Amino acid sequence: RKEVEQDPGPFNVPEGATVAFNCTYSNSASQSFFWYRQDCRKEPKLLMSVYSSGNEDGRFTAQLNRASQYISLLIRDSKLSDSATYLCVVNKGNGGSQGNLIFGKGTKLSVKP
Amino acid sequence: EPEVTQTPSHQVTQMGQEVILRCVPISNHLYFYWYRQILGQKVEFLVSFYNNEISEKSEIFDDQFSVERPDGSNFTLKIRSTKLEDSAMYFCASEGPPQETQYFGPGTRLLVL
């Protein structure tokens, strides 16, 4: 089983649509969970951390289910500028630091006018 | 907003040559990382560095690779004798307070011919 698994997409949606991404991870010892966004040929940028209680940041909602080892990201009212690859990321944690990050391959989103 | 910088942005080298990739982490950060991303593939962890020594490394980080923090600002990745399969985007990341988040530099695109 891959460490972090995502549907590669692409997801092609019209502006204003709601789109959901899912991710599963294999290491039950993982401590922290994130969604990063990566534009073509650019660096990953943190979109949001993911907590068990669920968290929301504007149009973005992230959920974590530790029992199922499942992470989700919901984007509401999608904009053209949301077009990017969304990376599911987990880490093991290592003492005082985040430790090394384990990336999924990403889900590509294309928002069309 | 402080950011991680990397130089050069692009490097082309001949197989067997040594390359040094440079990074300037965010100034008050304590943890430093190198990741790589082969074109079309996921971001992969190479090495983490804390308190002037390697804290963790992946299987990819073999004897051809080394890291150094030669002064208070730069963090370098050296590949001693490059191979064709070292062609990739190399990202530096630094992590620090107030929130333990890894911030990525813009990357160095390495092409080995």
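The values are calculated or read from the model by the stated rules, or taken from the named source; none is laboratory data. Predicted, not measured: the structure shown is a model, and the values here were computed from it. Cβ sites come from the backbone with ideal geometry, for glycine too, and all protein chains shown count toward neighbours. Just the protein is used for accessible areas: all its heavy atoms, side chains included, with ligands, DNA and RNA removed. Shrake-Rupley method; radii C 1.70, N 1.55, O 1.52, S 1.80 Å.
Name the single residue, out of those in the range B:85-103 being open to solvent by less than 60 Å² (accessible area, probe 1.4 Å) and modelled with pLDDT of 95 or more, that is farthest from the other protein chains (Cβ to nearest Cβ).
B:Asp86
Just need a number here: residues in the range B:6-29 that are touching a residue at least 60 places away in the same chain (Cβ under 8 Å) and either surrounded by fewer than 16 Cβ atoms within 10 Å (Cβ to Cβ) or on the phi > 0 side of the Ramachandran plot (or both).
Selection size over the range B:6-29: 11.
Of the numbered conditions (1) among the charged types (D, E, K, R); (2) open to solvent by 10 Å² or more (accessible area, probe 1.4 Å); (3) in contact (Cβ under 8 Å) with a residue 40 or more places away in the chain; (4) part of a strand (DSSP E or B), B:Glu3 satisfies every one except a single condition; which is it?
For B:Glu3, the failing item is (4).
Rundown of residues vs (1) away from chain B (no Cβ under 11 Å); (2) outside any strand (DSSP E or B); (3) open to solvent by less than 60 Å² (accessible area, probe 1.4 Å); (4) not aromatic (Phe, Trp, Tyr), yes/no style:
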| residue | (1), (2), (3), (4) |
| --- | --- |
| A:Val13 | yes, no, yes, yes |
| A:Gly16 | yes, yes, yes, yes |
| A:Cys23 | yes, no, yes, yes |
| A:Asn27 | yes, yes, yes, yes |
| A:Trp35 | yes, no, yes, no |
| A:Lys42 | no, yes, no, yes |
| A:Leu46 | no, no, no, yes |
| A:Ser53 | yes, yes, no, yes |
| A:Ala62 | yes, no, yes, yes |
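Do we find that B:Leu39 is in contact (Cβ under 8 Å) with a residue 24 or more places away in the chain, within 21 Å of A:Lys2 (Cβ to Cβ), in contact with a strand residue (DSSP E or B) (Cβ under 8 Å, 6 or more places away or on another chain) and open to solvent by 50 Å² or more (accessible area, probe 1.4 Å) in this structure?
When the stated conditions are applied, B:Leu39 passes them.
When you scan the range A:91-102, do you find a residue that is under 24 Å from B:Phe91 (Cβ atoms), within 10 Å of the chain's Cα centre (by Cα) and buried (at least 21 other Cβ atoms within 10 Å of the Cβ), even just one?
No, the conditions are met nowhere in the range A:91-102.
Suppose the filter is surrounded by 19 or more Cβ atoms within 10 Å (Cβ to Cβ) and either hydrophobic (A, V, I, L, M, F, W, C) or without any contact (Cβ under 8 Å) to a residue 12 or more places away in the chain (or both); does B:Leu113 pass it?
no
Conditions (1) within 23 Å of B:Met15 (Cβ to Cβ); (2) of a type outside the set (D, E, K, R), marked per residue:
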site	(1), (2)
B:Pro70	no, yes
B:Asn74	no, yes
B:Ser87	yes, yes
B:Phe91	yes, yes
B:Gln102	no, yes
B:Arg109	yes, no
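What's the number of the condition A:Asp7 fails, among (1) within 14 Å of chain B (Cβ to nearest Cβ); (2) open to solvent by less than 30 Å² (accessible area, probe 1.4 Å); (3) of a type in the set (Asp, Glu)?
All conditions pass for A:Asp7, except number (2).
Being open to solvent by less than 40 Å² (accessible area, probe 1.4 Å), small (Gly, Ala, Ser), more than 19 Å from A:Phe103 (Cα to Cα) and in contact (Cβ under 8 Å) with a residue 40 or more places away in the chain, is that true of even one residue in the range A:72-79?
Looking for residues that are open to solvent by less than 40 Å² (accessible area, probe 1.4 Å), small (Gly, Ala, Ser), more than 19 Å from A:Phe103 (Cα to Cα) and in contact (Cβ under 8 Å) with a residue 40 or more places away in the chain, one finds at least one in the range A:72-79, hence yes.
Inside the range B:46-84, can you point out the residues that are more than 14 Å from every other protein chain (Cβ to nearest Cβ), crowded, with 19+ Cβ neighbours inside 10 Å and touching a Gly at 6+ places or on another chain (Cβ under 8 Å)?
Within the range B:46-84, just B:Thr82 meets the criteria.
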